[in-house]
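To start, the structure under review is shown below, and the notes come after it.
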Amino acid sequence: MLEVKDVTGGYTRKPVIKDLNFSIGQGELVGLIGLNGAGKSTTIKHIIGTLLPQKGEIRLNGVTLNEDIETYRSSFSYIPETPVLYDELTLKEHLELTAMAYGIDQHTLKERSGKLLEEFRMEKRLNWFPSHFSKGMKQKVMIMCAFLVKPSLYIIDEPFVGLDPLGIQSLLNQMTERKNEGASVLMSTHVLSTAEKHCDRIIFLHEGRVRAQGTMEDLRKAFNMPNATLDDLYIAMTKEQHNE
Ligand SMILES: Nc1ncnc2c1ncn2[C@@H]1O[C@H](COP(=O)(O)OP(=O)(O)OP(=O)(O)O)[C@@H](O)[C@H]1O
């Protein structure tokens, strides 16, 4: 589904991410974990195509962005860490615009947005403008727009920080529902307890490189820490690098 092969890239000639290799299969939820500045957002920017690899390639459903921009772009939805909304559009108009951009018909729009508005408790705010939304509400608008579309991959940059516990539960419900339908999720987060509980696999990114990846069991073996939590493993990874 998503294949990242030998990808090196960044903002200038000096690379920020180096020789990244990982893939995400159908129905998998994969967590991208690492310290501030490890390169998580930069990795995501390469996958969504706002940055191009200096080396290596990224394939989504078999194609690179260059080979088939339409297929590539329509294969994923992206939820950024900081919500980006149109000041002059209401919540309702944001949903309508998304539907239009992705060719979703009126009937489907009504059905899907009805469910999402209920799930995220935003039914009464359909005619509100972004300036009246709290930070978490803005995040919910982006999440609802992303889940209105049913792409094969969701890319989510730190979703848990601004959401209240009910919002987090709703997002996890949406992810699980789409996962069960075969969609994949790549999610970067610092909330390790949630990642440990919900991710099928974890990718540890450190100083722009994949330090380790796999299931919790794989990681426990790799670090030789049989009963470790994701927090324990993460701290071990940072200390190990520190000692080098
Ligand atoms: N627009 C930019 N121009 C130049 N360098 C950048 C830019 N954005 C990030 N960087 C650099 O790239 C490196 C990786 O940053 P990135 O934002 O990918 O980290 P991150 O793992 O997402 O961190 P965080 O957990 O803080 O969000 C850092 O050294 C950062 O300074």
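Other residues with beta-carbon under 15 Å from the beta-carbon of residue 53 carry, at +1 per Lys or Arg and -1 per Asp or Glu, a net charge of +3.
Can you tell me which of 166-175, 185-194 comes out highest on packing, and rank the rest after it, using the mean Cβ neighbours within 10 Å?
Answer by packing, highest mean first, reads 185-194, 166-175.
Across all C-alpha atoms in the chain, the radius of gyration and Dmax reach 18.3, 58 Å. Our note on the geometry: Cα centres of region 1-78 and region 112-136, 31 Å apart. Comparing 88, 96, 207 in a Gaussian network model of the chain, where Cα atoms under 10 Å apart are tied by springs, the biggest mean-square fluctuation is seen for 88.
Against the empirical curve 2.2 N^0.38 Å, the C-alpha radius of gyration of region 86-150 lands at a ratio of 1.00. One chain, two ends: residue 134 and residue 108. Fully extended at 0.36 nm per residue, the span grows by 6.6 nm beyond their Cα-Cα distance. Over region 1-128, with a single point scatterer placed on each C-alpha, what log10 of the ratio I(q)/I(0) does the Debye formula yield at q = 0.14, 0.16, 0.19 1/Å? Here the Debye-derived log intensity ratios amount to -0.80, -0.96, -1.13. For the chain, a Gaussian network of Cα nodes joined below 10 Å ranks 151, 165, 53 by mean-square fluctuation, and the top entry is 165. When DSSP beta bridges are restricted to pairs lying wholly in the chain, around 50% turn out antiparallel. In the chain, the longest principal axis of the Cα atoms and the axis of helix 106-119 are about 60 degrees apart. With angles folded into 0 to 90 degrees, how steeply does helix 135-148 sit against the dominant principal axis of the chain? Use alpha carbons for both and round to 10. Approximately 80 degrees, to the nearest ten.
Computed from the coordinates by the stated procedures, all read-outs in this text should not be read as laboratory data. Bear in mind that the values here come from a model prediction, so they are computed numbers and not experimental data. Here Cβ is always computed from backbone atoms with ideal geometry, including for glycine, and neighbour counts include all displayed protein chains.
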